[in-house]
Amino acid sequence: MKGIFRVAWALMVVCLLAAISLAAVNYVTKKEIERRSAEELREKLQVVFPSAERFERMNLSHDLSSRSGVSVLEVYHALIGEDRVGYVLRVSVMGYGGEMVLLVGISAQEKKIMGIQVLEHQETPGLGSNITEERFLSQFVSKSLDDPFEIKRDIQGVTGATISTKAVIRACQEAITYFKNLEAE
């Protein structure tokens, strides 16, 4: 009986030490992880809207969710000097493998998509994951906001990944709708 208590006590001490160690590592690395995440976001914003000098996150007072299964998570002003030249929208949409998060840059002056980046996805490697490749994403760049965004009409889908392709298209369409509402205000 003493042996069981001794093993249980040793296991409890090991678990306690592991928990304390994990908490300490989290405390030490948390700020660096946040700094790197913010830096990575700035880099992606610049890729999506290359002509902008800087970006400012908008404080929005109304609901950003959508009925189409797409949610606008954040909106950034794309600025050159003090002039707003467009927006970058961080959009969430359900793909084949789960939630996908994209950045969509839209020019307010030219009324076209400046760029698009997939930030997060769980799509099938080798199929749906091809939505992250330049040859797919580049077909959205410079598209007019009035284009239909339809597979086989003006968007070449990813072979074997129709759901993933449609998710990216829905994300762009929702970003455009949201942009038009912002411009109307």
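The values are calculated or read from the model by the stated rules, or taken from the named source; none is laboratory data. Bear in mind that the values here come from a model prediction, so they are computed numbers and not experimental data. So basically every Cβ, Gly included, is an ideal-geometry build from the backbone, and we count neighbours across all protein chains shown.
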Open item on the list: Taking the criterion of being assigned by TED's automatic domain parsing to the domain that holds Leu73, surrounded by 15 or more Cβ atoms within 10 Å (Cβ to Cβ), without any contact (Cβ under 8 Å) to a residue 40 or more places away in the chain and touching a Leu at 6+ places or on another chain (Cβ under 9 Å), would at least one residue in the stretch 146-154 satisfy it?
Closed with: no
TODO: Could you tell me which residue of the stretch 132-160 is nearest to Leu119 (Cα to Cα), considering only residues that are of a type in the set (Val, Ile, Thr) and touching a strand residue (DSSP E or B) at 6+ places or on another chain (Cβ under 6 Å)?
DONE: Thr132
Task: Residue among Val91, Val25, Val47 that is out of contact with any His (no Cβ under 8 Å at 6 or more places or on another chain) and without any contact (Cβ under 8 Å) to a residue 60 or more places away in the chain - done: Val25
Open item on the list: Show me the strands (runs of 3 or more DSSP E) entirely contained within the stretch 51-141 in which 2 or more residues are of a type in the set (A, V, I, L, M) and either surrounded by 13 or more Cβ atoms within 10 Å (Cβ to Cβ) or in the same structural domain as Asp154 (by TED's automatic domain parsing) (or both).
Closed with: 70-80, 83-94, 99-107, 112-120
- [ ] Quick one: Thr177 ticks every box in (1) modelled with pLDDT of 95 or more; (2) in a helix (DSSP H, G or I) except a single one, so which number is it?
- [x] (1)
Open item on the list: Taking the condition of being within 25 Å of Tyr76 (Cβ to Cβ) and either basic (Lys, Arg) or under 20 Å from the mean Cα position of the chain (by Cα) (or both), how many residues in the stretch 124-144 meet it?
Closed with: 12
